[in-house]
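The values are calculated or read from the model by the stated rules, or taken from the named source; none is laboratory data. Not measured: the values here are computed from a predicted model. Ideal geometry is used to build each Cβ from the backbone, glycine not excepted, and the neighbour counts take in all protein chains shown. We work out accessible area using only protein heavy atoms, side chains counted, and drop any ligands, DNA or RNA first. Shrake-Rupley method; radii C 1.70, N 1.55, O 1.52, S 1.80 Å.
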Amino acid sequence: MNNLYAAAAIASLLIPAARCALAQKQMLAATPPMGWSTWNYFHHDISDALIREEADALVSSGMRDAGYVYVNIDGGWEGYRDAAGVLYPNSNFPDMKALGDYIHSRGLKFGMYTGPGPETCGGAPASYGYEAQDARMFASWGVDFLKYDLCSFRVIMKRDSGGDIEKSDALMIAAYRKMHQDLVATGRPILFSLCQYGWGEVWKWGPQVGGNMWRTSGDISDNYDRMTSIGFREAGLSKYAGPGHWNDPDMLEVGNGGMTLDEEQTHFSLWAMLAAPLIAGNDLRKMTPETKGILLNKEVIAVDQDPLGKEGDRAYAEGPLEVWSKPLQDGDMAVAMFNRIKGATGMTLRLHAVGWRGPAEARNLWTHESVGRINASYTVTVPGHGVVMLRLTHPGH
Ligand code: GLA
């Protein structure tokens, strides 16, 4: 019995709350969560029927089997809260428990959305004052994932802190801790996704309030400038991520039409290098072969999902030409050469500059071909706004 299991066995004899907390840590988000969310493409235009169709598409496209298991309903499901405090879905969602059962029957997991404020960002009722009641209701629906979006809680922070930043941060942290405790108290393992746009350096306290992932920035939008500005902003944050707790640069825009193929490959490569949650945000019912080729690139997914759980980071940059590296469990290393200018440009990977000792065998993870042996450096033309992503292996390994 290793130490972790021994600790679990002892904890199981102790108070139930301790057992739940440990169970959540062991079971949830050992690798970055993968799935699909309604928000980026459908916004508030969502329904029970749509969710079922997208769940079916996750299965038929092969995405579920590639690891995308969470089906996340974002803002737009909420109806009203009655006098007894019960929050009802709107008429597009006649039976949430039945929808959860359907999602589970397809071998998928069920994600929901609310926030610590009186209202969501969309102006619907959120969980302020009803946290425990809502947590119990989500658990009774079979929810496996909760995105908790700050939104109108900012008004409470302002009101109760008198403008003092430290007090305001403390209120925010307490609000996230409260919902975590209420989720744990349900006894159901529910992955906790913090969405407060990186405020108060969330990566420093996210794990302490039970966060399994936390947004590091404001919202993504479907264009190269916004995508890269939030993705590359994670440089230097790799030490805060690890199994069970991940930096989240927001959901994917792959397949939504606002980026070129090279830009979308950059998006997916960067998210994999960041060990980011891979939550697709497109309409899965109508994917082009190019979109599938990106979202189903198993070699890039394997970099994201590597069990070592080390987020990659910038190794070096020459202006807009950036080389990132990510150590992998078997001693391999993923390397991504990002060209952030519009025209194709020659870039050079220098092995010692990414901390690699000796020669390497390299494989290109987008062409799925070996590029052979690299002795000290490798020069290649990288397309404008594009990437060359390699997996390095020690020769003979
Ligand atoms: C915020 C979040 C988004 C999404 C919307 C829903 O903007 O950051 O990811 O959840 O709210 O209204």
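Numbers below:
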{"read-out": "Carbon/sulfur fraction of accessible area - the chain, other protein chains in place, 1.4 Å, %", "value": "54"}
{"read-out": "Separation in nanometres of the label points that stand 7 Å from Cα toward Cβ, at Asn364 and Ser105", "value": "4.6"}
{"read-out": "Centroid-to-centroid separation of the range 94-155 and the range 259-314 [C-alpha atoms, Å]", "value": "26"}
{"read-out": "Antiparallel bridge percentage (DSSP; both residues within the range 2-215; nearest 5)", "value": "15"}
{"read-out": "Debye intensity ratio I(q)/I(0), log10, the range 314-393, q values 0.15, 0.24, 0.25 Å⁻¹ (C-alpha model)", "value": "-0.46, -1.19, -1.28"}
{"read-out": "Between 0 and 90°, nearest 10: helix 16-27 axis offset from the chain longest Cα axis", "value": "30"}
{"read-out": "Distance from the range 319-397 to the range 169-234 (C-alpha centre basis), Å", "value": "31"}
{"read-out": "Cut-off 14 Å between beta-carbons: net charge of the residues surrounding Glu166, Lys and Arg +1, Asp and Glu -1", "value": "-1"}
{"read-out": "Gained length - Lys239 relative to Asp164, 0.36 nm times residue gap less alpha-carbon distance", "value": "24.1 nm"}
{"read-out": "Cβ-based charge dipole, the chain, positive-most Cα from Asn256, Leu183, Asn282", "value": "Leu183"}
{"read-out": "Angle in degrees between helix 165-186 and the longest Cα principal axis of the chain, rounded to the nearest 10", "value": "80"}
{"read-out": "Karplus (6.51, -1.76, 1.60) ³J(HN,Hα), θ = phi - 60°, over the range 280-289, in Hz, Gly and Pro reported as x", "value": "4, x, 10, 7, 6, 7, 9, 9, 6, x"}
{"read-out": "For the range 159-308, alpha-carbon Rg over 2.2 N^0.38 Å", "value": "1.14"}
{"read-out": "Size of the chain as Cα extents on the principal axes (Å, biggest first)", "value": "69, 47, 46"}
{"read-out": "Solvent-accessible heavy-atom area per residue, rounded to whole Å², over the chain at 1.4 Å", "value": "40"}
{"read-out": "Lysines with Cα under 30 Å of Lys204, excluding same-chain neighbours fewer than 8 positions away", "value": "Lys25, Lys109, Lys147, Lys158, Lys167, Lys178, Lys239, Lys310, Lys326"}
{"read-out": "Percentage relative contact order, the range 262-315, counting C-alpha pairs under 8 Å, at least six apart", "value": "55"}
{"read-out": "Degrees separating the helix 96-105 axis from the principal Cα axis of the chain, which is the longest one", "value": "40"}
{"read-out": "222 nm mean residue ellipticity, helices alone, for the chain (DSSP H n ≥ 4; -39,500 (n - 2.57); rounded to 500)", "value": "-10000 deg cm²/dmol"}
{"read-out": "Surface accessible to a 1.4 Å probe, Thr348 within the full protein complex, Å²", "value": "50"}
{"read-out": "Point-charge dipole on Cβ atoms (K/R +1, D/E -1) for the chain, about Cα centre, debye to 20", "value": "920"}
{"read-out": "Environment charge of Glu318, counting only residues whose C-beta is closer than 14 Å and scoring Lys/Arg +1, Asp/Glu -1", "value": "+2"}
{"read-out": "Cβ-based net charge around Glu53, under 15 Å, with every Lys or Arg adding one and every Asp or Glu removing one", "value": "0"}
